[in-house]
Amino acid sequence: MNDNRDRRIAFSMAKGINYATANELCRRLGSVDRLFDAPLDEIWAAVGAKKPFADESARRALICRAEAERNFIEKNHIRTLFFTDDDYPHRLTMCDDAPAMLYSLGNCDLNSNHIISIVGTRRSTPYGNSITERIIGDLADALPSLVVVSGLAYGIDVAAHRAALACKVPTVAVVAHGLNTIYPADHRDVAARIVREGGAIVTEYPSDSAMHRGNFLARNRIVAGMSDIVLIVESDEKGGSMVTASIAQGYGREVGAIPGRTTDRYSRGPNRLIHDNAAVMIRDASDIIELMNWAVRRPEGTQNTLPFAEISPEAKPVVDYLRNNPDATVNEMTTYLGIPFKTLSALLMEMEMDDLIDSIPGGRFMLKV
């Protein structure tokens, strides 16, 4: 078991390895193990002269480094999320430059149904902090399985984490360093609460990685890629938040922006995104829910929009299944119900038009409130 984990860690530590290159190398050789077990001539045929895999001493050095990292993560109860693992964030598998390995302190579900990234300036204003708290609070009331992602930085980032904690919502801090430290140190108490209260601290960097400025820009792609929507609360026209917005657009994610007064420095960025049609103007939580077509939490005692007697015989098995299996996919339903995919897809479209169900991100469906 340790040999397998060591090789995965070593593989992810190699220069130039990301989700796309990892997939390609594994396709050529069949597995990560073959990069460490196969004869050098076979590796040369697959990867050419590219180090470290085509160099025996370099491979041994990677394994030694990985063994030290494995000892660290076992001692500190850190999860490794390899790109082939079921619990690796599936939204990141749509991003070619995503990391091949993530390290997670905490057991948050990184594949939750509703994930929003909220980022902004480190010099947030009372307006920015207040609207961040209000939006997260309203989303928490309306949505099941909500997770809030940010970067643990000063300003809007930490305001988002604190608001999520106050609402009992799991929150994920994506950091730009190994999990042997927390930066900034002022936020160690917040980081501890995040882990303790169902969230996670996540990074692509092993514990022996040096911290440098470029890491902070690089981690923005994880913040953007692991969410359904990125919300920019406050930012100048240049800065990390605007980079995150651009990356999110490139990934095909929704981008929202909170408007502000034209005279306010830290409203320039969101206002510019809205003006350039690079983001949707977000006024409150309901705008996000409408934009994402997210199904809201059903209050206790409420019934379906249509009385059960008005549901067609064809639709009734689907309704019964969704009642017991919220957020089911078409594949799950066709397997369980035995309805051909084409027939079921047409039926689901009719049910959506009849206001019985909502389609939600990830090819899933939910009964309407």
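The values are calculated or read from the model by the stated rules, or taken from the named source; none is laboratory data. No experiment lies behind these values; they were computed from the predicted model shown. As a convention, Cβ positions derive from the backbone with ideal geometry for all residues, glycine included, and neighbour counts pool all protein chains shown. Accessible surface is based on the protein model in full, side chains and every heavy atom, while ligands, DNA and RNA are left aside. Shrake-Rupley method; radii C 1.70, N 1.55, O 1.52, S 1.80 Å.
Just a few scattered comments:
- Considering only 184, 206, 195, and ranking their Cα positions along the charge dipole of segment 166-207 that arises from unit charges at the beta-carbon of Lys, Arg, Asp and Glu, the one farthest toward the positive end is 195.
- In segment 208-280, a dipole from Cβ-located charges (positive for Lys and Arg, negative for Asp and Glu) runs towards its positive end, and of 223, 269, 251 it is 269 whose Cα lies farthest in that direction.
- Accessible heavy-atom area order of 167, 95, highest first, probe of 1.4 Å: 167, 95
- Accessible surface for residue 314 stands near 110 Å², nearest 10, in the context of the full protein assembly shown (1.4 Å probe).
- Note on the chain: with neighbouring protein chains present and a 1.4 Å probe, carbon and sulfur make up 50 percent of its accessible heavy-atom surface.
- Stretching the chain fully between residue 264 and residue 217 yields a gain of 14.5 nm (0.36 nm per residue, less the alpha carbon separation).
- Rounded to the nearest 10 square angstrom, residue 352 shows an accessible area of 70 square angstrom against a 1.4 Å probe.
- Solvent-accessible area of residue 19, all protein chains in place: 40 Å² (probe radius 1.4 Å, heavy atoms, ligands and nucleic acids excluded).
- Amide H to amide H, with H built 1.01 Å from N, residue 198 comes under 5 Å of no residue 5 or more places away or on another chain.
- In this calculation the C-beta distance from residue 334 to residue 312 is compared with R0 = 25 Å, giving a FRET efficiency of 0.90.
- Annotation: aspartates and glutamates with alpha-carbon distance below 19 angstrom to residue 168 (same-chain offsets under eight excluded): 109, 133, 138, 141, 157, 189, 197.
- Residues of segment 196-240 with amide N under 16 Å of a point placed 7 Å along Cα→Cβ from residue 181: 203-217
- Prolate/oblate/rounded call for segment 168-214, Cα gyration tensor, a/c under 1.5 rounded: prolate
- Alpha-carbon centroids, segment 89-148 and segment 245-272: separation in whole Å: 16 Å
- Accessible solvent surface per residue of the chain, calculated while the other protein chains remain in place, 1.4 angstrom probe, Å²: 47 Å²
- A Förster radius of 22 Å combined with the Cβ-Cβ distance from residue 130 to residue 236 puts the calculated FRET efficiency at roughly 0.70.
- Secondary structure note: in the chain, about 40% of the DSSP beta bridges are antiparallel.
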